[in-house]
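First the structure, in the form of structure tokens, and then the observations on it.
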Amino acid sequence: MSNLDVKPAATVCGGRDDVSAAPVRELLTGREVPLGESTVVRRLLPNLGRRMVGAWCFIDHYGPDDIASEPGMQVPPHPHMGLQTVSWLHDGEVLHRDSLGSLQTVRPRELGLMTSGRAIAHSEESPRDHARYLHGAQLWVALPDAHRHTAPAFEHHPVLPEITGGGGLHATVILGEIDGAASPGTIHTPLVGADLTLAAGTDARLPLVPDFEYAVLTMSGEAEADGVRLAPGSLLYLGCGRRELPLRADVDSSLMLLGGEPFEERIIMWWNFVARTSDEITTARTDWTTGSRFGDVHGYAGPRLSAPALPPGPLKPRGRER
Ligand code: MN
């Protein structure tokens, strides 16, 4: 997935200032962003009220959309730097191509994990013959300074650990670990991502780590997390200091749990890049425009994305300062 904003703002995030050391219940709604011709996504991070949850720095929720008579997702080749992308589907499929030569269809409840390191390019599309519904989330994880210049990599993990808790709760561990069940996906800071299925009538408690900050994204249904009723496409920030999360649902529902150690480094995000300085962003944009560093994506039917114009002057944060 690419940030397709015509005029993307730069976002400065990371550090301890935004982190709530104690449990909170901060409900965030998404901003609708068009993605290509036919898709609208809800962007939950970065949000005016919150920029990161652990190393998670970008969350788009999309669908469920009926794409039976439409091309569906069509995101042309575009670059990334300084981050990992996580593709997570509940319905449909996404065909991933990248400049390493990867060609992989990612299906529901399979992990597509791309580590950009210093530079990678990729495209994402609904295959020609696709399922009727497309529903999923695209997430980015910021890489810490020690790993952000590493070689790019793509991992596909079709089988992930599953936990059946009591009380109707079922969890799939996407990244990190819950209760001793660890995902095979490579991570570079302590974090967790999980898909939570709550059967109708669920009343359960999910174990958490007090040092992590957490949020839950509602995918479908109408669950309650720590007493807060959640509509699909909303994000509830929970802060740090929790040992467990009470979860309830009267109807079949699903959530994504996202958490991690607060990300201490200050980062600058612009378009599809995570960097530490304005100059790094400018150089990355030039390298993409001149066709160097990021490599070529083969097989996508159409031109690659052009980088939007940089805002004038040094990149500065937009939105509420906390
Ligand atoms: Mn992308």
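Taking Val106 as the residue in question, decide whether it is of a type outside the set (Asp, Glu), in contact with a Gly (Cβ under 7 Å, 6 or more places away or on another chain) and modelled with pLDDT of 90 or more.
Values: of a type outside the set (Asp, Glu): yes; in contact with a Gly (Cβ under 7 Å, 6 or more places away or on another chain): yes; modelled with pLDDT of 90 or more: yes.
So Val106 passes the test.
Quick one: in the stretch 53-84, which of the residues that are hydrophobic (A, V, I, L, M, F, W, C) and part of a loop (DSSP other than H, G, I, E, B) is nearest to the ligand (Cβ to nearest atom)? Outline the logic, then answer.
Looking only at the stretch 53-84, we keep the residues that are hydrophobic (A, V, I, L, M, F, W, C), and these are 53, 55-59, 67-68, 73, 75, 81, 83.
Of the ones still in play, those that are also part of a loop (DSSP other than H, G, I, E, B) are 55, 67-68, 73.
Numbers: Ala55: 17, Ile67: 19, Ala68: 25, Met73: 11 Å.
Filtering first and then ranking leaves Met73.
Which one is nearest to the chain's Cα centre (by Cα), of the residues in the stretch 13-30 that are among the charged types (D, E, K, R) and over 23 Å from Asp195 (Cβ atoms)? Break it down stepwise before answering.
Going through the stretch 13-30, the residues among the charged types (D, E, K, R) turn out to be 16-18, 25-26.
If we keep only those that are over 23 Å from Asp195 (Cβ atoms) too, we end up with 16-18.
Working: Arg16: 21, Asp17: 22, Asp18: 19 Å.
The residue in question is Asp18.
Can you go through Arg128, Arg205 and tell me which one is basic (Lys, Arg), more than 16 Å from the ligand (Cβ to nearest atom), surrounded by fewer than 16 Cβ atoms within 10 Å (Cβ to Cβ) and in a strand (DSSP E or B)? Lay out the reasoning, then the answer.
Numbers: Arg128 fails: in a strand (DSSP E or B).
Within the list Arg128, Arg205, the selection yields Arg205.
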*Quick one: would you say Gln138 is within 19 Å of Arg43 (Cβ to Cβ) and at pLDDT below 95?*
no
*Looking at (1) more than 17 Å from the chain's Cα centre (by Cα); (2) within 16 Å of the ligand (Cβ to nearest atom), find the lone condition where Phe273 falls short.*
(1)
_Of all residues making up the stretch 190-201, the number that are under 15 Å from the mean Cα position of the chain (by Cα) and closer than 20 Å to Cys240 by Cβ_ = 4
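Conditions (1) touching a residue at least 40 places away in the same chain (Cβ under 8 Å); (2) closer than 20 Å to Gly54 by Cα; (3) surrounded by 16 or more Cβ atoms within 10 Å (Cβ to Cβ); (4) in contact with a Ser or Thr (Cβ under 6 Å, 6 or more places away or on another chain), marked per residue:
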site	(1), (2), (3), (4)
Thr115	yes, yes, yes, no
His122	yes, no, yes, no
Arg132	yes, no, no, no
Val141	yes, yes, yes, no
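Within the stretch 98-120, track down each residue that is part of a strand (DSSP E or B) and either more than 11 Å from the ligand (Cβ to nearest atom) or under 21 Å from Val173 (Cβ atoms) (or both).
Step one: list which residues in the stretch 98-120 are part of a strand (DSSP E or B), which gives 98, 103-106, 111-115, 120.
Of everything in the stretch 98-120, those that are part of a strand (DSSP E or B) and either more than 11 Å from the ligand (Cβ to nearest atom) or under 21 Å from Val173 (Cβ atoms) (or both) turn out to be Leu103, Gln104, Thr105, Val106, Leu111, Gly112, Leu113, Met114, Thr115.
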*Mind checking whether some residue in the stretch 210-221 is more than 21 Å from Leu45 (Cβ to Cβ), among the hydroxyl-bearing types (Ser, Thr, Tyr) and at pLDDT 95 or above?*
no
_Given the options Asp287, Asp296, name the one that is acidic (Asp, Glu), outside any loop (DSSP other than H, G, I, E, B), more than 29 Å from Leu206 (Cα to Cα) and in contact (Cβ under 8 Å) with a residue 12 or more places away in the chain._
Asp287
*Residue within the stretch 20-29 that is among the charged types (D, E, K, R), touching a strand residue (DSSP E or B) at 6+ places or on another chain (Cβ under 8 Å), under 26 Å from Ile281 (Cβ atoms) and more than 16 Å from the ligand (Cβ to nearest atom) present*: no
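The values are calculated or read from the model by the stated rules, or taken from the named source; none is laboratory data. None of these values were measured; they are calculated from a predicted model. Virtual Cβ from ideal backbone geometry, glycine too; neighbours counted across all protein chains shown.
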